[in-house]
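J.: One structure, pasted below without further comment.
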Amino acid sequence: LGVEGVRVLRQNDSLPQLKDTVADVHKAVVSIDLLPLFHKRVVVNQLDFQKLVFNTTTFIHAARVKGNIGLLRLKARDIDLGKQLVKVDGVRLSDASIDVALSDTVKDDTTQQDNFWKIAVEQLKVSRSNVMVHLPGDSLRVQVYMGKTIARQGFFDLYKSSYRVAAFDWEEGRIKYDNPFEPTTKGLDYNHLSVSDIKLGIDSFEYASPKLTMRIRSCSWAEKSGLAVSSLTGPVYLDSAKLRLPALSLRTPASRLDAAVDLDLNAFDDLHPGQFKVSLHGSLGKQDMMRFLTDVPLRGKTRWPNYPLQVDGVVQGNMERIRLAGVLLKLPTAFRVRLDGTVAHLNQPKLLQGDLDLRAQTYNLAFLSAFMNGGQASQVKIPHNISVEGNVKFDKETYATRFIARQGRGSVNGTLTLDARRMAYKARLTAQQLPVQQYLPNMGLRPFTGSIDASGVGTDFLVPETRFNAKVRIARFGYGGYSLDDVTGDVTLRNGQAHATLQSK
């Protein structure tokens with residue numbers, strides 16, 4: 001049976017003299033076998049809608065759906081009404097444009113309705129079609145375009161809420177996410193995203209509430225800001241309690257990242273949290289990092305080394321206690337930093353505890369002068385090849401550190417403690433041929449050898465409550481033409497008055 005020029009009209013709710021077009025079909029074709037109908041079976045050899053325009057008007061209270069479809073074609077070899085089973089050979093949708101406006105005035109339907117239908121679809125093809133969804137009040141718009149989309153061997157059990165698709169491929173895709181009430185910003189604008197050139201391949205997709213499993217075979221896309229993903233692959237396992245990404249692989253034109261994620265979804269809860277473990281190995285390209293560091297000045301971006309930042313390490317635990325193992329940041333020609341240790345009570349800042357070991361090696365940090373103002377950049381220099389080893393402990397508001405730093409033939413080691421509640425501190429620093437002249441090159445300084453023992457309360461030296469005591473021993477030092485070798489002394493601050501006593505041999 002073929003019918004042309006089908007129109008479905010209904011009376012407009014507000015204007016009696018007008019009629020709304022619910023559907024306008026240029027041509028509809030249906031071919032159904034007769035004999036299977038007597039056995040409660042429907043065999044659809046052909047069901048076509050060509051050039052269909054539709055509008056649900058007020059039929060669906062939760063949303064208004066309107067649009068047009070170039071071609072909708074379905075072939076089902078068996079629809080068993082008795083067994084509530086549908087076997088579809090193929091569905092094809094092309095040249096469609098659908099607009100969905102959601103409503104926020106609809107009450108939830110709490111009526112229990114069991115749906116025992118099972119649907120098997122051998123193949124679904126969607127081409128040159130897009131869907132636009134408006135959230136209530138047009139507060140958010142999401143548009144999805146499907147250039148070429150194919151889903152194969154799908155099975156949907158509506159009663160068990162179980163859905164399977166053997167393979168899903170999407171090419172020539174686009175997604176737009178727009179929050180019309182937020183201003184636009186430069187770079188990656190999270191309120192106005194536009195992703196194009198989407199290519200997505202998924203195998204073995206299965207959802208049986210609450211479990212979801214799938215394998216991302218291929219994924220690539222480009223965002224209008226310039227951020228692009230060349231490849232994203234790996235298996236995904238998700239249920240109501242845990243997310244697992246055992247072999248996630250991410251590639252961009254400038255970066256690469258391999259990760260393994262094992263995350264209890266309650267790992268960040270305050271009470272009885274679960275655990276998480278994240279292993280990372282990869283590198284972040286300069287181009288990708290700078291797209292997120294929008295506050296970095298242009299001169300800083302220009303002088304940042306043109307090498308990828310290497311990232312490695314394992315982080316595991318929860319908000320009560322996190323362990324860092326071999327966390328490494330390495331930027332060739334600039335620095336190498338490694339962290340190991342633990343941090344506890346991240347969700348309770350007043351109870352924060354930690355014990356961290358640090359090893360750092362710098363190379364050429366001259367590019368950091370681009371982050372200073374003009375006066376600082378001309379007076380302060382950061383020399384090459386500085387190494388630092390140390391440990392930092394903190395317990396609530398008490399901090400302690402011990403370290404040794406080396407640069408060339410010079411070194412400085414020390415211990416520091418701070419009680420942040422009282423702003424009380426103690427420090428002991430010992431230096432051997434420390435090349436201070438390399439940090440302050442325009443002041444005529446010479447290498448420093450000596451020690452400082454200091455303690456005090458408060459940091460504002462202009463208020464009477466501040467206390468400061470220091471014992472200074474200078475074994476070797478010089479300023480301009482002056483020698484300060486073999487100088488010892490005491491420096492004190494009481495009631496806003498400073499006193500210094502120095503002795504020289």
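The values are calculated or read from the model by the stated rules, or taken from the named source; none is laboratory data. Note that this is a predicted model, so its numbers are computed, not measured. Neighbour counts run over all protein chains shown; Cβ positions are idealised from the backbone, glycine included. We work out accessible area using only protein heavy atoms, side chains counted, and drop any ligands, DNA or RNA first. Shrake-Rupley method; radii C 1.70, N 1.55, O 1.52, S 1.80 Å.
Rundown of residues vs (1) open to solvent by less than 40 Å² (accessible area, probe 1.4 Å); (2) in contact with a strand residue (DSSP E or B) (Cβ under 7 Å, 6 or more places away or on another chain); (3) assigned to a strand (DSSP E or B); (4) among the aromatic types (F, W, Y), yes/no style:
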residue: R244; (1), (2), (3), (4): no, yes, yes, no
residue: L250; (1), (2), (3), (4): no, yes, yes, no
residue: D269; (1), (2), (3), (4): no, no, no, no
residue: M289; (1), (2), (3), (4): yes, yes, no, no
residue: V296; (1), (2), (3), (4): yes, no, no, no
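J.: Among the small types (G, A, S), touching a strand residue (DSSP E or B) at 6+ places or on another chain (Cβ under 7 Å) and modelled with pLDDT under 90 - does that describe any residue in region 426-443?
T.: no
J.: Scan region 209-233 and report the pairs whose first residue is under 30 Å from K160 (Cα atoms) and whose second residue is outside any strand (DSSP E or B), with Cβ atoms within less than 7 Å and a gap of 6+ or a chain change.
T.: S209/S161; P210/D239; P210/S240; K211/D239
J.: Give region 400-447 a look and list any residue that's open to solvent by less than 60 Å² (accessible area, probe 1.4 Å) and of a type in the set (S, T, Y), or say none.
T.: Within region 400-447, T401, S411, Y425, T430 meet the criteria.
J.: Any residue at all in region 149-160 that is crowded, with 16+ Cβ neighbours inside 10 Å, of a type in the set (S, T, N, Q) and closer than 24 Å to E206 by Cα?
T.: Scanning region 149-160 turns up at least one residue that is crowded, with 16+ Cβ neighbours inside 10 Å, of a type in the set (S, T, N, Q) and closer than 24 Å to E206 by Cα.
J.: When only residues in region 380-399 that are under 18 Å from R303 (Cβ atoms) and either of a type in the set (G, A, S) or loosely packed, with under 15 Cβ neighbours inside 10 Å (or both) count, which is modelled with the highest pLDDT?
T.: Step by step, filter region 380-399, then rank; the result is H384.
J.: Another question, if that's okay. Sort out which residues of region 171-186 are in contact with a Gly (Cβ under 8 Å, 6 or more places away or on another chain) and either open to solvent by less than 40 Å² (accessible area, probe 1.4 Å) or outside any strand (DSSP E or B) (or both), and write them in order of number.
T.: Within region 171-186, G173 is the sole residue that qualifies.
J.: May I ask you to verify whether K301 is open to solvent by 30 Å² or more (accessible area, probe 1.4 Å) and within 30 Å of T185 (Cα to Cα)?
T.: yes
J.: Could I ask something else about it? For T184, work out the one condition from (1) in contact (Cβ under 8 Å) with a residue 24 or more places away in the chain; (2) farther than 30 Å from Q84 by Cβ it doesn't fulfil.
T.: Among (1) in contact (Cβ under 8 Å) with a residue 24 or more places away in the chain; (2) farther than 30 Å from Q84 by Cβ, the lone unmet condition for T184 is (1).
J.: Here's something else I'd like to know. Based on this model, can you work out whether Q17 counts as open to solvent by 70 Å² or more (accessible area, probe 1.4 Å), of a type in the set (S, T, N, Q) and more than 22 Å from I119 (Cβ to Cβ)?
T.: yes
J.: Oh, and also: Restrict the check to region 90-112 and report whether at least one residue is in contact with an Asp or Glu (Cβ under 8 Å, 6 or more places away or on another chain) and either modelled with pLDDT of 95 or more or among the aromatic types (F, W, Y) (or both).
T.: Within region 90-112, one or more residues are in contact with an Asp or Glu (Cβ under 8 Å, 6 or more places away or on another chain) and either modelled with pLDDT of 95 or more or among the aromatic types (F, W, Y) (or both).
J.: Of the numbered conditions (1) among the aromatic types (F, W, Y); (2) touching a residue at least 24 places away in the same chain (Cβ under 8 Å); (3) open to solvent by 50 Å² or more (accessible area, probe 1.4 Å), F38 fails exactly one; give the number of that condition.
T.: With respect to (1) among the aromatic types (F, W, Y); (2) touching a residue at least 24 places away in the same chain (Cβ under 8 Å); (3) open to solvent by 50 Å² or more (accessible area, probe 1.4 Å), F38 is out only on (2).
J.: Still on this structure, please answer the following. Please find, among S283, S279, S249, the residue that is at pLDDT 95 or above and under 30 Å from A366 (Cβ atoms).
T.: Only one candidate passes the filter, namely S283.
J.: Is one or more of the residues making up region 67-87 modelled with pLDDT of 95 or more, in a strand (DSSP E or B), under 37 Å from the mean Cα position of the chain (by Cα) and within 19 Å of I32 (Cβ to Cβ)?
T.: There is no residue in region 67-87 that is modelled with pLDDT of 95 or more, in a strand (DSSP E or B), under 37 Å from the mean Cα position of the chain (by Cα) and within 19 Å of I32 (Cβ to Cβ).
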